[in-house]
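K.L.:
I'd like to ask you about the structure that follows.
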Amino acid sequence: MDHRLLKYMLSVQEYEKALDALSEKWNLLTMLGKMSNTGMDMNDTRAAFETLTADLLDKLGFEVLKKMTSEMGAKAQVAVDIVIRNLFERTADIGFLATDDDIRSFLLHALAGASDDTSRQLLRERRQALRNRFKEYVAKYSVYSNIILMDTRGFVVAQLDEHNPITKSSDPLIKEALSTSAEYVEVFRQTDLAPNAEKALVYSFRVSRSSNEDAENIGILSLVFKFEDEMEGIFKNLITENDWMEIMLLDEQGHVISCSDTNHIALGIKMEKVLDSDYKIVRFAGREYLAKTCATKGYQGFFGLGWYGHVMVPVEHAFEKAPHAYKSISADMLETVLKHSSLFSEELKMIPQKAERIQKELDVTVWNGNIQIANAKIGENSFSKSLLNEISNTGSQTKKIFEDSISNLNQTVLSAYLDDAQFNASLAIDIMDRNLYERANDCRWWALTAVFKQTLSKPEPTPDELRELESILGYINNLYTVYTNLFLYDNTGTIVAVSNSNEKRFVGSKVDDLWVRESLKMTDSQRYSVSQFNKSPLYDNRHTYIYGAGITDPSSEEVVGGIGVVFDSQPQVEAMLVDALPRDKNGSLLEGSFALFTDRSKNIIASTAPEYIVGSRLNIEDHYFSLENGNGTSGIVALNGDYYIMGLHTSNGYREYKKHDFYDNDIIAFIFVLIVKQDELPKVCSINDVNAVCSYPVVQGMEETVDISTFYIGNKFFGVESHNIVNSLSHQNITRILGSDALFLGVVSSKEGETIGVVSLNEMLDIKSTYDPQRDELIVLRSSRENDTKFAIVISHIKDSPEIPVRSIKTYSGTLAGVSPLTKAVVVPDDGAIRGEMLSILDIDAIFKTLIKNQNKLPQSGTQTAKPL
């Protein structure tokens with residue numbers, strides 16, 4: 001990571017300033033600790049905090065940068081891949097339209113010339129008719145701005161745009177279109193076909209005298225794509241409000257051919273491509289930017305003209321976005337994810353563990369310091385007590401800042417996944433809307449085919465005429481491979497011709513579905529019908545959409561039949577979902593991730609996961625299915641006990657499709673990323689509120705007090721008079737000896753070589769936990785009635801060392817749980833009100849007598865060493 005960027009990360013800077021201030025305080029406290037009678041050495045604690053601070057700030061900066069560069073890469077990739085998908089459809093359009101009989105017929109008529117007024121008038125009428133046909137085409141495929149028909153010398157014989165001044169073209173694409181072995185010619189540059197544009201994206205192909213492969217070439221057809229209009233829509237979907245990101249499309253040499261903000265970045269400027277790294281800091285116009293470039297991944301083998309997606313964002317504004325808000329995620333679910341998710345690296349998981357370990361060691365140090373003061377019996381301990389209090393308070397402040405920064409770090413990591421999931425869902429639904437837009441266009445355009453109109457208008461088409469229909473359908477289907485079958489039906493809904501020879505069994509059968517009945521009422525060439533997403537025998541009883549359009553008599557405009565196109569939904573829609581799934585740096589799908597399309601009724605339309613079957617339902621909360629069109633969200637959900645990040649986005653149509661037409665079919669894309677598997681969760685979860693702030697009675701004036709050292713055993717709160725405590729011990733392995741059991745665990749050796757017995761009160765307190773040296777601690781106690789004999793008890797967590805007024809300590813006698821006397825008093829709050837469980841004072845002598853001495857299990861204190869079993 002480039003550390004120059006840290007100064008632009010405000011959240012990192014805030015934590016760094018706060019931790020620097022505390023670092024100075026730790027230096028002072030370390031010095032004062034050496035001067036006090038506590039004998040405290042804070043050097044190790046200070047060094048540990050400093051090391052962890054550097055590690056934490058570095059990781060936080062890295063994750064903030066990673067989140068931004070990941071977003072940049074995703075948007076650069078989408079910017080180029082979405083347009084390439086669109087242009088792939090255009091390559092099929094030009095191949096089909098260049099064989100249109102109306103175009104071929106008019107061109108032959110125009111080449112024959114006109115010798116008198118009558119023939120010239122007829123030519124004008126036919127030219128207008130062809131222009132009307134072009135209008136029909138563009139009304140459906142609204143991505144084109146002009147259609148130009150030329151002869152082989154480049155003379156324009158007809159075009160859609162009457163204001164385009166071109167009458168003859170000398171563009172080299174004419175020669176290339178006449179001679180190419182490819183199925184189209186694609187150019188993006190300056191051309192006289194579009195003299196008012198600096199550059200134009202044009203698709204061209206030759207028009208032949210007939211459909212025979214060796215037929216004479218008689219002209220060239222060119223389709224002028226609405227490039228700027230298309231890119232404007234793509235950029236609009238990718239850039240959010242108050243976004244500083246600049247998104248561009250670069251040509252093969254790196255020149256800007258389209259930009260989200262041309263007022264800032266002019267077209268034609270050459271940019272440095274950043275392909276082999278996640279980002280690079282580049283200079284442009286006197287400013288530093290983060291930059292990222294992505295080459296297109298292509299679509300079905302089509303890569304276009306070698307364009308790139310390119311994103312830049314000013315470094316001073318790159319990190320202004322706040323992490324994702326977790327309003328919809330419960331605290332328990334969030335805690336589970338943060339602790340156990342595979343999304344968080346071991347390095348990230350170690351940071352809070354290290355912070356907790358340092359804090360725990362600090363707590364032990366302060367606790368032991370207070371015990372030492374309580375046992376010192378010196379006249380004036382106020383300075384030492386004040387120092388320990390200040391150390392404790394500074395530790396609490398440090399802990400709070402660490403907790404906040406670790407929380408921010410976790411938010412940054414998690415929000416990146418949440419944002420990515422929602423973005424990928426929006427990509428999936430955008431791809432689907434764009435794809436189905438083409439399907440609605442195809443059926444309407446093919447319904448205007450002259451041969452279809454003429455043949456279906458006849459009472460009884462001949463076998464040769466029906467074979468011609470099938471030949472045309474087959475030719476179209478070969479160009480548009482997203483369909484398993486195209487079929488024509490008459491005005492009774494009876495199928496008369498199919499494109500797929502394997503589907504001939506349906507010829508003669510009647511289709512009485514609602515979409516067919518609707519299509520047979522359509523005289524408007526802009527109307528189309530769509531089936532429900534249901535199983536259909538026309539698609540091997542699988543779920544799909546079938547699009548249809550009415551075919552009218554060429555003279556009366558009465559409906560004489562229709563065309564149906566069977567969308568190959570299973571592989572096509574699943575491929576859309578797969579393309580939108582999140583991937584790792586190597587391009588591999590994230591393990592456990594899957595995607596779905598559903599409708600608003602929770603019915604699954606497509607799935608990449610075998611356990612979520614098409615036609616079944618997605619049973620999650622209802623509110624996810626009621627988002628407004630074009631909106632998305634993300635969150636964490638539990639599915640079958642596993643936890644997933646979920647991103648979703650509702651459809652909003654594309655261009656006029658589902659926006660300005662009659663069709664209403666809301667689809668929702670879901671992206672799921674597995675983050676915690678059920679079998680990875682701990683089987684037993686015990687939550688102790690050891691971080692709760694305790695409220696003790698307030699000492700008034702010079703009243704008599706007792707130093708109490710407090711701690712938790714499980715989730716139960718206890719205290720002991722500090723003068724009864726020798727010290728606390730951490731990470732102690734207990735040696736079991738003959739006679740040890742659940743109460744008497746065994747012995748440990750002190751630094752002085754003494755053998756000390758260890759007692760666990762867990763069983764008596766009904767705490768289901770066994771001793772863990774990495775988690776639990778020991779406190780060494782002395783029995784004042786038994787010649788200061790020492791023994792240790794197991795505790796879960798040390799707490800405070802408050803001074804308690806003697807008046808607030810209420811003694812009592814009795815037994816706990818009817819077994820043995822463990823406690824002798826409680827601390828009553830100042831107001832006398834009992835709120836939950838009060839601080840109970842352990843009876844050290846009773847514990848010693850009842851649990852150890854009477855059972856003859858405690859070895860005599862000394863320097864002998866117990867032999868392990």
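The values are calculated or read from the model by the stated rules, or taken from the named source; none is laboratory data. Remember, predicted model here, so these are calculated numbers, not experimental data. Backbone-built Cβ (ideal geometry, glycine too); neighbour counts: all protein chains shown. Accessible surface is based on the protein model in full, side chains and every heavy atom, while ligands, DNA and RNA are left aside. Shrake-Rupley method; radii C 1.70, N 1.55, O 1.52, S 1.80 Å.
K.L.:
Please pick out the residue among 763, 777, 803 that is at pLDDT 90 or above and either surrounded by fewer than 20 Cβ atoms within 10 Å (Cβ to Cβ) or touching a strand residue (DSSP E or B) at 6+ places or on another chain (Cβ under 7 Å) (or both). Lay out the reasoning, then the answer.
P.N.:
Values: 763 fails: at pLDDT 90 or above; 803 fails: at pLDDT 90 or above.
It is 777.
K.L.:
Residue by residue through region 806-829, note down the ones that are open to solvent by 80 Å² or more (accessible area, probe 1.4 Å) and modelled with pLDDT of 80 or more.
P.N.:
807, 810, 811
K.L.:
Does residue 497 fit the bill of being modelled with pLDDT of 95 or more, more than 30 Å from residue 670 (Cα to Cα), small (Gly, Ala, Ser) and not in a loop (DSSP other than H, G, I, E, B)? Talk me through it step by step, then tell me what you get.
P.N.:
Values: modelled with pLDDT of 95 or more: yes; more than 30 Å from residue 670 (Cα to Cα): yes; small (Gly, Ala, Ser): yes; not in a loop (DSSP other than H, G, I, E, B): yes.
Yes: the conditions hold for residue 497.
K.L.:
Has region 718-740 got any residue that is surrounded by 17 or more Cβ atoms within 10 Å (Cβ to Cβ), of a type in the set (Phe, Trp, Tyr) and at pLDDT below 90?
P.N.:
No, the conditions are met nowhere in region 718-740.
K.L.:
Another question, then. Mind checking whether some residue in region 664-684 is small (Gly, Ala, Ser), touching a residue at least 40 places away in the same chain (Cβ under 8 Å), farther than 20 Å from residue 547 by Cα and in contact with a strand residue (DSSP E or B) (Cβ under 9 Å, 6 or more places away or on another chain)? Walk me through how you get there before you give the answer.
P.N.:
Initial filter on region 664-684 (small (Gly, Ala, Ser)): 669.
So of that shortlist, the ones also touching a residue at least 40 places away in the same chain (Cβ under 8 Å) come out as 669.
Applying the additional criterion that residues be farther than 20 Å from residue 547 by Cα yields 669.
Filter once more, so that each one left must be in contact with a strand residue (DSSP E or B) (Cβ under 9 Å, 6 or more places away or on another chain): 669.
Yes; the residues of region 664-684 include at least one that is small (Gly, Ala, Ser), touching a residue at least 40 places away in the same chain (Cβ under 8 Å), farther than 20 Å from residue 547 by Cα and in contact with a strand residue (DSSP E or B) (Cβ under 9 Å, 6 or more places away or on another chain).
K.L.:
Are there any pairs, at least 6 apart or on different chains, whose C-beta atoms fall under 9 Å, with the first in region 390-418 and closer than 15 Å to residue 59 by Cβ and free of Cβ contacts under 8 Å to residues at least 24 places away in the same chain and the second part of a helix (DSSP H, G or I) and open to solvent by 10 Å² or more (accessible area, probe 1.4 Å), and if so, which?
P.N.:
407/338
K.L.:
How do the pairs read when you match residues in region 623-649 that are in a helix (DSSP H, G or I) with residues anywhere that are surrounded by 13 or more Cβ atoms within 10 Å (Cβ to Cβ) and of a type in the set (D, E, K, R), using Cβ under 8 Å and keeping only pairs 6 or more apart or on different chains?
P.N.:
Correct list of pairs: 625/600; 625/602.
K.L.:
Among (1) open to solvent by less than 10 Å² (accessible area, probe 1.4 Å); (2) under 37 Å from the mean Cα position of the chain (by Cα), where does residue 446 come up short?
P.N.:
(2)
K.L.:
Something else about it: Which of the residues that make up region 115-142 are open to solvent by 40 Å² or more (accessible area, probe 1.4 Å) and either in contact with a Ser or Thr (Cβ under 7 Å, 6 or more places away or on another chain) or not in a helix (DSSP H, G or I) (or both)?
P.N.:
115, 116, 136
K.L.:
Something else now. Condition first: part of a loop (DSSP other than H, G, I, E, B) and of a type in the set (A, V, I, L, M). Now tell me which residues in region 575-597 satisfy that. First the steps, then the outcome.
P.N.:
Restricting attention to region 575-597, the residues satisfying the condition of being part of a loop (DSSP other than H, G, I, E, B) are 581-582, 584-588, 590-593.
The answer is 581, 590.
K.L.:
Identify, please: which residue in region 253-268 is touching a strand residue (DSSP E or B) at 6+ places or on another chain (Cβ under 8 Å) and open to solvent by 70 Å² or more (accessible area, probe 1.4 Å) and is, among those, farthest from residue 312 (Cα to Cα)? Before the answer, list the steps.
P.N.:
Here is the first cut: in region 253-268, the ones touching a strand residue (DSSP E or B) at 6+ places or on another chain (Cβ under 8 Å) are 253-261, 264-268.
Pick out the ones that are also open to solvent by 70 Å² or more (accessible area, probe 1.4 Å) and you get 253, 267.
Values: 253: 17, 267: 15 Å.
Only one residue fits best here, namely 253.
K.L.:
If you don't mind, there's one more thing I want to ask. Name the single residue that is farthest from residue 604 (Cα to Cα) among those in region 535-554 being over 35 Å from the mean Cα position of the chain (by Cα) and part of a strand (DSSP E or B).
P.N.:
Among those residues, the one meeting the criterion is 552.
K.L.:
Look at residue 557 and say whether it is over 24 Å from the mean Cα position of the chain (by Cα) and in a loop (DSSP other than H, G, I, E, B).
P.N.:
On the way: over 24 Å from the mean Cα position of the chain (by Cα): yes; in a loop (DSSP other than H, G, I, E, B): yes.
It is true that residue 557 is over 24 Å from the mean Cα position of the chain (by Cα) and in a loop (DSSP other than H, G, I, E, B).
K.L.:
I need the full set of residues from region 269-298 which are open to solvent by 30 Å² or more (accessible area, probe 1.4 Å) and touching a residue at least 60 places away in the same chain (Cβ under 8 Å), in order please.
P.N.:
The answer is 278, 279, 281, 295, 297.
K.L.:
Out of the residues in region 599-619 that are open to solvent by less than 20 Å² (accessible area, probe 1.4 Å) and not polar (S, T, N, Q), state the one that is nearest to the chain's Cα centre (by Cα).
P.N.:
We begin by selecting, within region 599-619, every residue open to solvent by less than 20 Å² (accessible area, probe 1.4 Å); these are 604-607, 609, 618.
After this cut, where a residue has to be not polar (S, T, N, Q) as well, the list is 604-606, 609, 618.
Numbers: 604: 21, 605: 21, 606: 19, 609: 18, 618: 19 Å.
Of everything passing the filter in region 599-619, 609 is nearest to the chain's Cα centre (by Cα).
K.L.:
Sticking with this one: Specify the residue that is farthest from residue 369 (Cα to Cα); the eligible residues are those in region 790-800 that are within 48 Å of the chain's Cα centre (by Cα) and modelled with pLDDT under 90. Steps first, please.
P.N.:
To start, the set of residues in region 790-800 that are within 48 Å of the chain's Cα centre (by Cα) comprises 794-800.
From what's left, modelled with pLDDT under 90: 797-800.
Values: 797: 16, 798: 13, 799: 13, 800: 11 Å.
Only one residue tops the list, namely 797.
K.L.:
State the number of residues belonging to region 246-282 that are among the charged types (D, E, K, R), modelled with pLDDT of 95 or more and over 29 Å from residue 586 (Cβ atoms).
P.N.:
Counting residues in region 246-282 that are among the charged types (D, E, K, R), modelled with pLDDT of 95 or more and over 29 Å from residue 586 (Cβ atoms) gives 1.
K.L.:
Further, regarding this structure: Given the criterion at pLDDT below 90 and not aliphatic (A, V, I, L, M), identify the matching residue among 640, 629, 652. First the steps, then the outcome.
P.N.:
Working: 629 fails: at pLDDT below 90; 652 fails: at pLDDT below 90.
On inspection, the qualifying residue turns out to be 640.
K.L.:
Scan (1) modelled with pLDDT of 75 or more; (2) in contact with a strand residue (DSSP E or B) (Cβ under 7 Å, 6 or more places away or on another chain) for the single condition residue 302 breaks and write down its number.
P.N.:
The one condition residue 302 does not meet is (2).
K.L.:
Could you please find all residues in region 241-252 being farther than 17 Å from residue 305 by Cα and either buried (at least 19 other Cβ atoms within 10 Å of the Cβ) or touching a residue at least 60 places away in the same chain (Cβ under 8 Å) (or both)? Don't jump to the end; show me each part of the working.
P.N.:
So the first thing to find is which residues in region 241-252 are farther than 17 Å from residue 305 by Cα, and the list is 241-247.
Listed by number, the residues that qualify are 244, 245, 246, 247.
K.L.:
Of these, 145, 170, 204, which one is modelled with pLDDT of 95 or more, open to solvent by 20 Å² or more (accessible area, probe 1.4 Å), assigned to a strand (DSSP E or B) and among the hydroxyl-bearing types (Ser, Thr, Tyr)? Even if it seems obvious, please write down each step before you answer.
P.N.:
Numbers: 170 fails: assigned to a strand (DSSP E or B); 204 fails: open to solvent by 20 Å² or more (accessible area, probe 1.4 Å).
Of the residues listed, the single one that is modelled with pLDDT of 95 or more, open to solvent by 20 Å² or more (accessible area, probe 1.4 Å), assigned to a strand (DSSP E or B) and among the hydroxyl-bearing types (Ser, Thr, Tyr) is 145.
Results for (1) within 30 Å of residue 92 (Cβ to Cβ); (2) open to solvent by 70 Å² or more (accessible area, probe 1.4 Å); (3) in a loop (DSSP other than H, G, I, E, B), shown as yes or no for each residue.
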site: 218; (1), (2), (3): yes, no, no
site: 232; (1), (2), (3): yes, yes, no
site: 304; (1), (2), (3): yes, no, yes
site: 312; (1), (2), (3): no, no, no
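K.L.:
Please count how many residues of region 638-662 are of a type in the set (A, V, I, L, M) and surrounded by 20 or more Cβ atoms within 10 Å (Cβ to Cβ).
P.N.:
Applying the first criterion (of a type in the set (A, V, I, L, M)) to region 638-662 yields 638-639, 645-646, 648.
Those left that are additionally surrounded by 20 or more Cβ atoms within 10 Å (Cβ to Cβ): 645-646, 648.
Of the residues in region 638-662, 3 are of a type in the set (A, V, I, L, M) and surrounded by 20 or more Cβ atoms within 10 Å (Cβ to Cβ).
K.L.:
Do any residues in region 467-491 that are acidic (Asp, Glu) have Cβ atoms under 8 Å from those of residues that are assigned to a loop (DSSP other than H, G, I, E, B), where the two are at least six apart or on different chains, and which pairs are they?
P.N.:
Cβ pairs passing all conditions: 470/499.
K.L.:
Pairs under 8 Å by beta carbon, first residue over 26 Å from residue 776 (Cβ atoms) and basic (Lys, Arg) in region 695-714, partner open to solvent by less than 40 Å² (accessible area, probe 1.4 Å) and modelled with pLDDT under 85, six or more apart or different chains?
P.N.:
Filtered contacts from region 695-714: no entries.
K.L.:
Could you list, in sequence order, all residues of region 427-464 that are closer than 20 Å to residue 95 by Cα and outside any helix (DSSP H, G or I)?
P.N.:
Correct list: 447, 448, 449.
K.L.:
Moving on to the next point. Does residue 60 count as crowded, with 17+ Cβ neighbours inside 10 Å, closer than 30 Å to residue 260 by Cβ and either at pLDDT 90 or above or among the β-branched types (Val, Ile, Thr) (or both)?
P.N.:
Details: crowded, with 17+ Cβ neighbours inside 10 Å: yes; closer than 30 Å to residue 260 by Cβ: yes; either at pLDDT 90 or above or among the β-branched types (Val, Ile, Thr) (or both): no.
It is false that residue 60 is crowded, with 17+ Cβ neighbours inside 10 Å, closer than 30 Å to residue 260 by Cβ and either at pLDDT 90 or above or among the β-branched types (Val, Ile, Thr) (or both).
K.L.:
Quickly run through region 500-527 and pick out the residues that are among the basic types (Lys, Arg) and either crowded, with 17+ Cβ neighbours inside 10 Å or in a loop (DSSP other than H, G, I, E, B) (or both).
P.N.:
Keep residues of region 500-527 that are among the basic types (Lys, Arg), which gives 504-505, 510, 517, 521, 527.
If the condition is that a residue be among the basic types (Lys, Arg) and either crowded, with 17+ Cβ neighbours inside 10 Å or in a loop (DSSP other than H, G, I, E, B) (or both), then 521, 527 are the ones that fit.
K.L.:
Given the structure, is residue 181 over 21 Å from residue 99 (Cβ atoms), open to solvent by 20 Å² or more (accessible area, probe 1.4 Å) and outside any helix (DSSP H, G or I)? Steps first, answer last, please.
P.N.:
Numbers: over 21 Å from residue 99 (Cβ atoms): no; open to solvent by 20 Å² or more (accessible area, probe 1.4 Å): yes; outside any helix (DSSP H, G or I): yes.
Judged against the criteria, residue 181 is not a match.
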